[in-house]
Amino acid sequence: MSKELNKILNLIKVKNFQEAKKKCDEVKNDLSKNADFLHIYGYIFFNLEDYDQAIEQWTMAVNINPKFVSALNNLGNAFSKLKKFDIATGYLDRALKLKPDLFEAYYTLSNIYFKKNMFEESLAKINQALKLKPDNLPSIKAKLQLFIEMNKKEESLKFLEKAIQYHPKNTELYNEKAQVLSDLGMNRQSLDTYRTILMMDPDFPFALGNIVSDKLKNCDWDEIDKDLIDIKNKINEKKAIADPFLVSTLFDSSELLNKVSKIWIRQFGVINKKNDFQIDKNYSKINIGYFSADFRDHPVGHLIVKMLETHNKNKFNIYGFYFGNKHKENDKYHFRLKTAFTKFYDVSKLTDEEILSLSKNLKIHIAVDLMTHTGGNESRFGIFLNKCAPIQINFLGYPGTSASDKMDYIIADKTVIPEKNKKFFTEKIIYLPNSYQPSEKNRPISNKLFSKEDLNLPEKNFIFCCFNTNTKFLPNTIRLWSAILKQVPKSVLWLISDNIIVKKNLKKEFEKRDIDQERIIFSSKTTISEHLVRIKHADLFLDTFPYNAHTSCSDSIWAGVPVVTLEGKSFQSRVASSLLNTSRLNELIAKSEEEYIEKAVEIAKNKNQLASLKEKLVNFKDSNPLFDNILFTNNIERAYSIALEKYFKRENPEDIYL
């Protein structure tokens, strides 16, 4: 009979588990009391993902031999797969009592505790596994994942230094190290690490994009022109070189964004190919699911909170699916957002499959992705690739196409997606009548008062400003701003940053263009309620290109500060134009770099024109559709109703014009 067992083992070696099972079926009656055979039989069932049958075989093996360590360990594995963690833990503990140096048991226990969000216990077990096998790569990766969940960046960096010694040619470990260095603000070290990766593998996914991203964080533009050419070429070669959001900050091209998004979504797997939605046509309310990691003090949270609060709860159930974990305990926006929903679910610890199941059980009619290709590791676009609702909509967080045929619509307006650009969007367009961007008129603001002296601003000079994040700054933007400052000698430029390196690098860039460093003034980041008070000291907001001011443009218009923008060809470079058109300030939209400079200089030199613009903003504020929450929400609800009606009529999605 050992000859038959050898045949079975040989089939297992080549992973032919179906044939191995057939051989076992032929001899199982003769070997039903053979613990070794039952162990092998269970192993075959396990690899065929028939965990119940695997458990049956291993249980019989343990009954024959209660000290069968491998069978006990495997029972722990099988019950873990079935998410029966308490039973699994019991078998693994029994195995460890018999064999205290059983590496596999420690590894599986760590994984179980991780799934139960018991991270300290998980860390203790993976440490015991690594003590036995310090070079085991799956264990190394498991510990790194733990450090991410526990936000232990410094510990992760120290561990990576040791792990790389065991695997000096493993580019994935170097990539983990580079990302941790970047998260810690150690951008120069992260750049060196990414360059090491590219020396080992010139096509390592997203390494070049991460290099450029780290450069932008510090306004370090060394060889940036070459980097941009490389990124563009690699995208056209269909290589995974950069994430779509980064590309949107670098290039004014809807076509390029379409291409990079198609590359980006290749990383997400398909779990469920069947879209068996049990949705009743005779619904009493439309169920809307909003999905985001930004239900907190975040630009998306600021924009959408009033819309959610304004939803007609007599006609709509609105459900929040929260991926994030970055909100603070005293985050007022997080509290407002939570209470705005009919039901709020923190799904940050759930798998994509579990979130899909939850969405289907809730019978969500329309799923709205408020992130799409933003948020880095917090993005959960795989959920939408697997269809979590009959209708799926791309909205607000990402200014571009998802590039997926699983997304039915994108919410936009005629400015951000003109008719000629529709060909670059896989979604059908829901065209809102005003701006696509929601906002809030009655915003909570601080009682704190700021003087110009408090902000280190001159009393008499003209104050240009830009409150966009500095990752939107590119060398050409500095060139345009320098040209404006030269023509308005008694002026300063007011920016926001807490990064010493950013301040130093930007001042050097302006100095290269003969602008005195003293004319570049920085303020620290603060709460949105304080920021909305202090920005009233600015005279004119100078927009960035190609990625415009989005939320910061809305904030400035709300605060009565005019915004001069350069309108481009893509969604992200036309957002400020959308907001200005809605606010009846299309005279502030420049169609060329020359016009951008001319408009800014003209306003700075003409006090009456500036006063007229500010008066126009103040007088129109109460009737500005940009801040009419009820109007905006009504339009969104109309669009949802039309989309759902088309679905029940079995009509294909089409552009919706409101």
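Filtered by the rule that a residue be aliphatic (A, V, I, L, M), part of a loop (DSSP other than H, G, I, E, B) and modelled with pLDDT of 95 or more, the stretch 322-361 gives a lone residue, VAL347.
Counting only residues that are in contact with a Pro (Cβ under 6 Å, 6 or more places away or on another chain) and hydrophobic (A, V, I, L, M, F, W, C), how many does the stretch 432-471 have? Total meeting the criteria: 0.
Considering the stretch 397-407 alone, what residues qualify as being buried (at least 24 other Cβ atoms within 10 Å of the Cβ) and not small (Gly, Ala, Ser)? TYR398, PRO399, THR401, MET407, listed by residue number.
Taking first residues from the stretch 112-136 that are over 18 Å from ASN77 (Cα atoms) and partners that are charged (D, E, K, R) and assigned to a helix (DSSP H, G or I), the Cβ contacts under 6 Å between residues at least 6 apart in sequence or on separate chains come to PHE119/GLU149. Scanning the stretch 590-620 for residues that are closer than 17 Å to SER491 by Cα and part of a loop (DSSP other than H, G, I, E, B) yields a total of 1.
Based on this model, can you work out whether HIS334 counts as closer than 20 Å to ASN117 by Cβ, surrounded by fewer than 22 Cβ atoms within 10 Å (Cβ to Cβ) and in contact with a His (Cβ under 6 Å, 6 or more places away or on another chain)? No, not satisfied. Return yes when ILE366 is more than 23 Å from PHE114 (Cα to Cα), in contact with a strand residue (DSSP E or B) (Cβ under 6 Å, 6 or more places away or on another chain) and at pLDDT 95 or above and no when it is not. Here the answer is yes, as ILE366 does meet what is asked.
Got at least one residue in the stretch 302-321 being at pLDDT 95 or above, assigned to a helix (DSSP H, G or I), within 30 Å of PHE114 (Cβ to Cβ) and assigned by TED's automatic domain parsing to the domain that holds SER402? First the steps, then the outcome.
From the stretch 302-321, those at pLDDT 95 or above are 302-321; that's our starting set.
Retained after the next criterion (residues that are assigned to a helix (DSSP H, G or I)): 302-310.
Retained after the next criterion (residues that are within 30 Å of PHE114 (Cβ to Cβ)): none.
No: the stretch 302-321 contains no residue that is at pLDDT 95 or above, assigned to a helix (DSSP H, G or I), within 30 Å of PHE114 (Cβ to Cβ) and assigned by TED's automatic domain parsing to the domain that holds SER402.
The values are calculated or read from the model by the stated rules, or taken from the named source; none is laboratory data. The shown structure was predicted, so the numbers you read here are calculated from the model rather than taken from an experiment. Using ideal geometry, Cβ is built from the backbone for each residue, glycine included, and neighbour counts are taken over all protein chains shown.
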